[in-house]
Amino acid sequence: MTDERIIRIDPVTRLEGHGSLTIKLGTDGKVRDVQFNVSSTRFFEKFLEGRPMEEAPRIAPRICGICPVPHHLASVKAVEDAWGITPPPAAIKLRRLLIEAKQLSSHAIHFYALAAPDFVFGPFADPAVRNVAGVLKHLPDVAVQAIKLMQFGQELCKTVGIKAIHPTTAIPGGMLATVSEESRDYWLGQIPELMENITKTVDLAKKVVSDYIDVVTKVAVTPTYYLGLANKGVHDIYDGTVRVMDPDGKIVADFKPQDYPDYYGEFVSDHSYATHIYYKPVGYPKGIWRANTLARCNVADKMATPLAQEALKEMRELVGRPSHHTFAYHYARVIEMVQAAEHIKNLLEDPDIVSTDVKLADVEPRAGNGVGLVEAPRGTLLHNYECDEDGMILKANLIVATNNNIAGIEKSLLDAARFVFEQQGHKDLKLPEPLVKL
Amino acid sequence: MTEPVPVAMAQGSSCWGCYQSLIDIHLHLADVLPKLDIKFWTCVADFKHQDLENYPDGSIAVGFYEGVARTEEDTHLLKVMRKKCKILVAFGTCSCYGGIPGLANFYDIEECYDVKFRENRTVTGGKVPSENLPPIEPVIRANNTIVDFDIYLPGCPPTSELILKAVTALLSGTPLDLPPHAVCHYCKREKKETPIPEILRPYQGNADPDRCLLEQGYICMGSATWGLCEGLCVNRGATCRGCFGPVPPIDSDQGAAGIGMLGTYAPIDPEKIENECKDPLGQFWRFTYPASRLGRIRIKREEAKK
Ligand code: SF4
Ligand code: SF4
Ligand code: SF4
């Protein structure tokens, strides 16, 4: 096979984390294989062993600086599950405010800084321009709107979590910091501008989707299973049951996070340090699932807030349910951004948000096995710890958001590679004029 | 306007948090970004490793390296950065001292592989992946034992204010002066040098918001930690875990200072201390183990196995 061609893209850029792509082409021009090589790992599951359980929420966020909040909260929920404690209701509202604020900033950064440069300058523009600095230079209004959304989310995270990156407030039994009335009033004052920026983002997203509809509906349309949290069928990112949808759109499982070992399989591939998670009852690779924005919007019967529900309806009219369109992830991201903004507004208006009754004083460790699950921006995130009677961690199992997607990413890349190398489909794609021509 | 300064931003194995903290300077980005001529920054611009390797040596004015050298590729990238950049910044606590990923040095690499690839609740019988992947370094060494740095900017992550201050100084070529105080210096809690009768775990009880946490029995690393965060956690209710590393000089031993501090404050029977403070390594050396004296002994032992 000396004529086999290997294409390496190293590293894959505008991605958080580390990875490269390997595409193998046969002599006949057919795509033989596509590998997504995740090239690093840091062994958190091992070094959490031997640590006191309550320290896990202060260590595990370092898995990801983009989504430290979901790690902080999945971790503390796992501890509380193992020790059999429930924090006061106001503490849960603070945690919800924290995770929605993170959802907002993370989706804004993803949409504007990682994805938008391609839409703004077209996918073939010079890399020296096709990035967030280029957007700032050529479309300052859009950039400022983006920055304000990110800033709102990150600073609100800091208000609730003490630190926006690697927060330190959640503790087994509640929260260590409260929100003062002054601070709450400050944030309420920011809401009108937030909602305005959200509306502008929705408009931009709709324009991008209709401009690129040929790409959305033709490239990387990849049927897989989908995984996401839902609360009695309604989209939720903090609490609920875990839903699995099959490629035909049927809900095939809806289970408590604690039952995950019956549903989650973990496949160790030869070419990636990140393992591939899949739907265990049907096996690998048939049961490859995807999590993240589109998956959550697929599995949910509806969104929890009115504007987001409107937006979901419009998306479903365009791409259906389930949508297998990999590019529709961007659209779903914007729908979730809308929902996060609406939730934030409601939570800030709730008088409980300034409550000082946010922590139990009489927490006791006990031997146990606890699971904590929340939705990170990039997908369902699960922490599972076993501990001894002093609350020292004996074993940890972490299923981080991205691992749910690695196999699905490979699958959609394979579809995209076939489209490009076998069908030369990219040549006929209808691409719009870039928003900015250089 | 003066010419933009050529810069490179690189990541070893990391969490992205230091760069997120850079992006969190928000509207200041509009002042800073136009002053940068970005030569390499894989998370926001489509430059490849080869681009970096092909620049002339020393042609990049300032380089930031985030994360640890967990793989041979990370180590290589670190060395390439050193060659290409005139000023190299150890960006964040991982890069300065090994950080949280350095906790992996408590264990043998084979034990790490067991849990990650061979055996846990969802994996059985996997092998360590190797196709088209850079080999994993058997042990994490502090980055400054691999290359020399010109500037250390600790923090997990460094605060956005600190980053802005550093970037502004670097771009204008002025020296970066960082105050050398410990976290306690910025802490508003009252400290009366009261001895500690017993050690509490952080979820126990509800702490008095006005008194030193350590004197109430909660282990706080404030006195052993560089206060560049200006006491973020301690001023809002959480104990300091030491994420900014040791008070200068940069090679001082934070863990030893932390234990020393506990020793002076807690006239408690050694057996009782041992019983109440169950994870001294993970408590006092959480962010600096690979760079510490104890940690270096461990690295030597691991390397001797080869
Ligand atoms: S120092 Fe902290 S924030 Fe920076 S890369 Fe390391 S873990 Fe992430
Ligand atoms: S030990 Fe901690 S709580 Fe006490 S003064 Fe120092 S920083 Fe503040
Ligand atoms: S108070 Fe301590 S743990 Fe908190 S940010 Fe500062 S150095 Fe880090």
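The values are calculated or read from the model by the stated rules, or taken from the named source; none is laboratory data. All figures in this text were calculated on a predicted structure; none of them were measured in a lab. Cβ placement follows ideal geometry from the backbone for every residue including glycine, while neighbour counts extend to all protein chains displayed. Surface areas here come from the heavy atoms of the whole protein model, side chains and all, with no ligands, DNA or RNA. Shrake-Rupley method; radii C 1.70, N 1.55, O 1.52, S 1.80 Å.
Can you find a residue in the range B:215-228 that is within 30 Å of B:P4 (Cβ to Cβ) and either in a strand (DSSP E or B) or within 18 Å of the chain's Cα centre (by Cα) (or both)?
Scanning the range B:215-228, I find at least one residue that is within 30 Å of B:P4 (Cβ to Cβ) and either in a strand (DSSP E or B) or within 18 Å of the chain's Cα centre (by Cα) (or both), so the answer is yes.
Of all residues in the range A:278-299, count the ones that are β-branched (V, I, T) and out of contact with any Lys or Arg (no Cβ under 7 Å at 6 or more places or on another chain).
1
Determine whether B:Y65 is more than 16 Å from ligand 3 (Cβ to nearest atom), closer than 16 Å to B:L88 by Cβ, touching a strand residue (DSSP E or B) at 6+ places or on another chain (Cβ under 7 Å) and open to solvent by 10 Å² or more (accessible area, probe 1.4 Å).
no
Basic (K, R), in contact (Cβ under 8 Å) with a residue 40 or more places away in the chain and in a helix (DSSP H, G or I) - does that describe any residue in the range B:69-78?
Scanning the range B:69-78, I find no residue that is basic (K, R), in contact (Cβ under 8 Å) with a residue 40 or more places away in the chain and in a helix (DSSP H, G or I), so the answer is no.
Yes or no, residue by residue, for (1) among the acidic types (D, E); (2) in contact (Cβ under 8 Å) with a residue 12 or more places away in the chain; (3) more than 21 Å from B:E161 (Cβ to Cβ):
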position: B:P6; (1), (2), (3): no, yes, yes
position: B:G17; (1), (2), (3): no, yes, no
position: B:H28; (1), (2), (3): no, yes, no
position: B:D46; (1), (2), (3): yes, no, yes
position: B:E53; (1), (2), (3): yes, yes, yes
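Being open to solvent by less than 30 Å² (accessible area, probe 1.4 Å) and among the small types (G, A, S) is the filter; apply it to the range B:203-219 and report the residue that is nearest to the other protein chains (Cβ to nearest Cβ).
B:G205
Considering only residues that are among the charged types (D, E, K, R) and more than 16 Å from ligand 2 (Cβ to nearest atom), which ones fall in the range B:241-262?
Within the range B:241-262, B:D251, B:D253 meet the criteria.
Mind checking which residues of the range A:39-55 are more than 7 Å from every other protein chain (Cβ to nearest Cβ) and within 21 Å of the chain's Cα centre (by Cα)?
A:F44
Out of the range A:127-147, which residues are within 8 Å of another protein chain (Cβ to nearest Cβ) and of a type in the set (D, E, K, R)?
Once the filter is applied, which keeps residues that are within 8 Å of another protein chain (Cβ to nearest Cβ) and of a type in the set (D, E, K, R), the range A:127-147 yields A:R130, A:K137.
State all residues of the range B:117-136 that are open to solvent by less than 30 Å² (accessible area, probe 1.4 Å) and under 15 Å from A:Y273 (Cα atoms); if no residue qualifies, say none.
B:F117, B:V123, B:G126, B:P129, B:L133, B:P134, B:I136 - these are the residues of the range B:117-136 that are open to solvent by less than 30 Å² (accessible area, probe 1.4 Å) and under 15 Å from A:Y273 (Cα atoms).
Would you check which residues across the range B:236-246 are open to solvent by less than 50 Å² (accessible area, probe 1.4 Å) and under 28 Å from A:G173 (Cα atoms) and list them?
Once the filter is applied, which keeps residues that are open to solvent by less than 50 Å² (accessible area, probe 1.4 Å) and under 28 Å from A:G173 (Cα atoms), the range B:236-246 yields B:G237, B:A238, B:T239, B:C240, B:R241, B:G242, B:C243, B:F244.
Among (1) closer than 23 Å to B:L281 by Cα; (2) within 11 Å of ligand 3 (Cβ to nearest atom); (3) touching a Phe, Trp or Tyr at 6+ places or on another chain (Cβ under 6 Å); (4) within 14 Å of another protein chain (Cβ to nearest Cβ), there is one condition B:L200 misses while meeting the rest; what is its number?
Checking B:L200 against (1) closer than 23 Å to B:L281 by Cα; (2) within 11 Å of ligand 3 (Cβ to nearest atom); (3) touching a Phe, Trp or Tyr at 6+ places or on another chain (Cβ under 6 Å); (4) within 14 Å of another protein chain (Cβ to nearest Cβ), the one that fails is (2).
Can you report the number of residues in the range B:1-50 which are more than 10 Å from chain A (Cβ to nearest Cβ), under 23 Å from the mean Cα position of the chain (by Cα) and assigned to a helix (DSSP H, G or I)?
Matching residues across the range B:1-50 total 1.
Only residues that are open to solvent by 40 Å² or more (accessible area, probe 1.4 Å) and not hydroxyl-bearing (S, T, Y): list them for the range B:143-163, please.
B:N144, B:D148, B:D150, B:E161
Just checking, which of A:K256, A:K232, A:K280 is open to solvent by 50 Å² or more (accessible area, probe 1.4 Å), within 14 Å of chain B (Cβ to nearest Cβ), within 22 Å of the chain's Cα centre (by Cα) and free of Cβ contacts under 8 Å to residues at least 60 places away in the same chain?
So the residue among A:K256, A:K232, A:K280 that is open to solvent by 50 Å² or more (accessible area, probe 1.4 Å), within 14 Å of chain B (Cβ to nearest Cβ), within 22 Å of the chain's Cα centre (by Cα) and free of Cβ contacts under 8 Å to residues at least 60 places away in the same chain is A:K280.
Looking only at the range B:224-239, which residues are more than 7 Å from chain A (Cβ to nearest Cβ), of a type outside the set (S, T, N, Q) and away from ligand 1 (no atom under 14 Å from the Cβ)?
Answer for the range B:224-239, where residues must be more than 7 Å from chain A (Cβ to nearest Cβ), of a type outside the set (S, T, N, Q) and away from ligand 1 (no atom under 14 Å from the Cβ): B:A224, B:G227, B:E230, B:G231, B:V234.
This table checks each residue for (1) β-branched (V, I, T); (2) within 29 Å of A:T199 (Cα to Cα).
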| position | (1), (2) |
| --- | --- |
| A:A82 | no, no |
| A:I85 | yes, no |
| A:L94 | no, yes |
| A:E100 | no, yes |
| A:A108 | no, yes |
| A:F152 | no, yes |
| A:E155 | no, yes |
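Is there any pair with a first residue in the range B:232-245 that is without any contact (Cβ under 8 Å) to a residue 24 or more places away in the chain and a second that is among the charged types (D, E, K, R) whose Cβ atoms are under 8 Å apart and which are 6 or more apart or on different chains, and what are they?
Sorted first by the residue in the range B:232-245, then by its partner, the pairs are B:C233/A:K163; B:C233/B:R241.
Any idea which residue in the range B:102-129 is nearest to A:Y263 (Cα to Cα), counting only those that are assigned to a loop (DSSP other than H, G, I, E, B) and within 7 Å of chain A (Cβ to nearest Cβ)?
Filtering first and then ranking leaves B:T122.
Tell me which strands (runs of 3 or more DSSP E) are completely within the range A:215-327 and hold 3 or more residues being among the β-branched types (V, I, T), or say none if there are none.
Strands (runs of 3 or more DSSP E) meeting the threshold: A:241-245.
Restricting attention to the range B:220-230, which residues are open to solvent by 10 Å² or more (accessible area, probe 1.4 Å) and more than 7 Å from ligand 2 (Cβ to nearest atom)?
Residues satisfying the conditions are B:W226, B:L228, B:C229, B:E230.
Going through the range B:135-145 one residue at a time, which ones are more than 16 Å from the chain's Cα centre (by Cα) and within 21 Å of B:F91 (Cβ to Cβ)?
B:E137 - this is the single residue of the range B:135-145 that is more than 16 Å from the chain's Cα centre (by Cα) and within 21 Å of B:F91 (Cβ to Cβ).
Mind checking which pairs have a first residue in the range A:104-120 that is away from every other protein chain (no Cβ under 12 Å) and a second that is of a type in the set (S, T, N, Q) and buried (at least 24 other Cβ atoms within 10 Å of the Cβ), Cβ under 6 Å, 6 or more apart or different chains?
Taking only residues 6 or more apart or on different chains, not a single pair turns up.
Does any residue of the range B:177-184 turn out to be more than 16 Å from ligand 1 (Cβ to nearest atom), within 22 Å of B:I23 (Cβ to Cβ), small (G, A, S) and not in a loop (DSSP other than H, G, I, E, B)?
no
With B:K192, B:K188 as the choices, which residue is in contact (Cβ under 8 Å) with a residue 24 or more places away in the chain, open to solvent by 40 Å² or more (accessible area, probe 1.4 Å) and either within 16 Å of ligand 3 (Cβ to nearest atom) or part of a loop (DSSP other than H, G, I, E, B) (or both)?
B:K188
Mind listing whichever residues of the range A:171-193 are away from chain B (no Cβ under 14 Å) and in contact (Cβ under 8 Å) with a residue 12 or more places away in the chain?
Result: A:E181, A:R184, A:W187, A:L188, A:I191.
Across the range B:68-94, what is the number of residues that are of a type outside the set (D, E, K, R), surrounded by fewer than 17 Cβ atoms within 10 Å (Cβ to Cβ) and more than 19 Å from B:T174 (Cβ to Cβ)?
The total comes to 1.
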